[in-house]
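No value in this document is a laboratory result; all are computed from the given coordinates. Bear in mind that the values here come from a model prediction, so they are computed numbers and not experimental data. Cβ coordinates were reconstructed from backbone atoms using ideal geometry, including for glycine residues, and neighbour counts include every protein chain displayed.
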Amino acid sequence: MSSLFNRYATPFITGLLLISLISGILLFLHLGSSGFREMHEWLSIVLILPFVLHLWKNWKPLLGYMRRAPMAIAICVSVLMAAFFLIPTDSESGGREMPPQFALAGLVMAAPLDQVAPVLGTTTEELTARLVAAGMPVSDPHATLTDIATAAGKTDFDLAAVLATGKAG
């Protein structure tokens with residue numbers, strides 16, 4: 001069984017990496033079907049098994065690489081490139097723009113309750129009652145949704161759950 005893993009670890013890494021590469025490029029370019037995202041995510045997870053088997057098979061040569069500067073440099077540069085995507089930025093300050101659905105949610109949360117209620121198909125009074133019932137007292141209907149959540153010791157996520165479902169999150 002071990003020789004079977006040894007024979008197929010690298011070929012599976014190659015095949016799955018090619019699929020991940022091609023589907024990743026198509027996703028980046030917004031081409032192809034919606035199935036590419038799920039394929040890309042799941043087959044990237046499947047890639048873990050042959051990768052671990054490849055590491056196991058080539059552990060001694062890998063340790064040799066780890067003792068040299070190019071491996072340390074490559075790992076550090078890779079981590080820094082990945083970290084770049086995790087750094088929060090403000091799109092108004094010239095940073096990376098956030099996905100549009102998050103930008104829209106931010107705008108809604110920064111809007112006053114009395115302006116959001118009609119957009120949600122309800123009245124200010126009804127929305128106020130829902131928030132109060134969820135433990136978020138509303139002292140001023142002109143307060144922003146974020147301010148209401150913060151004053152109640154809740155997060156924007158908690159308040160969004162009430163807005164979306166009518167129930168506490």
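Couple of notes before you dig in:
- Since only 65, 85, 15 are under comparison, the one whose Cα sits farthest along the positive direction of the charge dipole of the chain, derived from C-beta charges on Lys, Arg, Asp and Glu, is 65.
- Orientation-averaged projection of segment 6-69 equals 5.3 nm² [convex hull of Cα atoms, one quarter of hull surface area].
- Placing +1 on the Cβ of every Lys and Arg and -1 on the Cβ of every Asp and Glu, with no other charges, gives segment 10-169 a dipole of roughly 1280 debye about its Cα centre.
- Degrees separating the helix 48-57 axis from the principal Cα axis of the chain, which is the longest one: 30 degrees
- Relative contact order %, the chain, counting alpha carbon pairs below 8 Å whose residues are six or more apart: 13 percent
- Cα long-axis angle, helix 124-133 against the chain (0 to 90 degrees, to the nearest 10): 60 degrees
- In the chain, the longest principal axis of the Cα atoms and the axis of helix 69-84 are about 20 degrees apart.
- The charge dipole of segment 1-88, taken about the Cα centre with unit charges on the Cβ atoms of Lys, Arg (+1) and Asp, Glu (-1), comes to about 440 debye, rounded to the nearest 20.
- Farthest towards the positive end of the charge dipole of the chain, among the residues 162, 103, 139, is the Cα of 103, using unit charges on the Cβ of Lys, Arg, Asp and Glu.
- Value of Rg to Rh for the chain (Rh from inverse mean 1/r over Cα pairs, i.e. Kirkwood): 1.19
- Cβ-defined net charge surrounding residue 74, 15 Å radius [Lys, Arg +1; Asp, Glu -1]: +2
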